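Colleague: Just passing along the structure, written as C-alpha cells.
The values are calculated or read from the model by the stated rules, or taken from the named source; none is laboratory data. None of these values were measured; they are calculated from a predicted model. Here Cβ is always computed from backbone atoms with ideal geometry, including for glycine, and neighbour counts include all displayed protein chains.
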Amino acid sequence: MPVDLLVVGLGNPGDEYTRTRHNVGAEVVELLARRHGGKLHGSKGRARRDDVRIGSKRVELAIPLTYMNDSGEAVAALARRLGIEPSQIVIVHDELDLEPAVLRVKVGGGLAGHNGLRSIKQHLHTDEFLRVRIGVGKPPSKERGADHVLSRVSKREREAMDVTIEEAADAVEAIVTDGVDAAMNRYNARPPDPD
C-alpha cells in the first residue's frame, strides 16, 4: 500500500546534539512515532524511519542519519524509494526567523539561510515541500548562528519549546488528516503567547 505522506524531522545525529535547537524537528518526529506506535530504526535511505497510520493515512516518519547540511541526500533517497512528490513531503525544522517556541506551517518559499532546507531543495530540485517551522530565535550575531542552533536552551525556554514540540506534532497530524490549508489556518492565525 503506498505511503500518503513522508514526514521528516531535521536534526544532527549523535548524543551531543540531543535537545539542541537544531534538533527540534527530530524531536517532533520521535514524538509522532511514540504517539502512533512507530519504532524508528536505521536502515536503507540513510534515515531512522518507520511507517505508521494517522487516521486513515499511511505516513512514513523519518529522521535523517546524515548531518543537517546533507539532509537532502536522505530525503531524496526516501522520496525516490517511496515514489512520492515534494508536495507529499513535510519537513519539520527549526527556524531562526521565528521567535522561540512560535509554530508556523508553510508551503514552499524561502529557505531563511537554513542549510538543511537548502540541501533538500538542491536534491529535490524544488522548494515546494511542506514545512512545520519551530521558532528558535535569532543568535546575537550572524557569526554566532552555528553556536546558537547547536546549543541547548535555558530551562524556561525549554519548557516553552516542549509545549511547541507537542503542538508541532499536532500540526503534522492536522496536515495528514485535514490538509495543509486547514493546518495553516489553525496554527498560523495564533498570536505568540505573551511572556
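Colleague: Could you list, in sequence order, all residues of region 66-98 that are of a type in the set (S, T, N, Q) and in contact with a Lys or Arg (Cβ under 6 Å, 6 or more places away or on another chain)?
Modeller: So the first thing to find is which residues in region 66-98 are of a type in the set (S, T, N, Q), and the list is 66, 69, 71, 87-88.
Correct list: 66 only.
Colleague: Please go through region 120-156 and pick out each residue that is surrounded by fewer than 18 Cβ atoms within 10 Å (Cβ to Cβ) and of a type in the set (Val, Ile, Thr).
Modeller: Within region 120-156, 126 is the sole residue that qualifies.
Colleague: Further question: So, restricting to helices (runs of 4 or more DSSP H) that lie completely within region 38-149, which ones have at least 2 residues that are in contact with an Asp or Glu (Cβ under 9 Å, 6 or more places away or on another chain)? Break it down stepwise before answering.
Modeller: Working: elements: 71-82, 115-124, 145-149.
Output list reads 71-82, 115-124.
Colleague: Please state which one of 38, 108, 25, 55 is crowded, with 18+ Cβ neighbours inside 10 Å, under 24 Å from residue 184 (Cβ atoms) and either in contact (Cβ under 8 Å) with a residue 24 or more places away in the chain or out of contact with any Gly (no Cβ under 8 Å at 6 or more places or on another chain) (or both). Can you show your working first?
Modeller: Values: 38 fails: under 24 Å from residue 184 (Cβ atoms); 108 fails: crowded, with 18+ Cβ neighbours inside 10 Å; 55 fails: crowded, with 18+ Cβ neighbours inside 10 Å.
None of the other options fit; the residue is 25.
Colleague: Take the residues in region 157-195 that are of a type in the set (A, V, I, L, M), surrounded by 14 or more Cβ atoms within 10 Å (Cβ to Cβ) and modelled with pLDDT under 95; name whichever of them is farthest from residue 92 (Cα to Cα).
Modeller: Taking region 157-195 first, the residues of a type in the set (A, V, I, L, M) are 160-161, 163, 165, 168-169, 171-172, 174-176, 180, 182-184, 189.
Add one more test, that the residue is surrounded by 14 or more Cβ atoms within 10 Å (Cβ to Cβ), and what stays is 160-161, 165, 168-169, 171-172, 174-176, 180, 183-184.
Now narrow it down to the ones that are modelled with pLDDT under 95: 160-161.
Numbers: 160: 17, 161: 14 Å.
Only one residue fits best here, namely 160.
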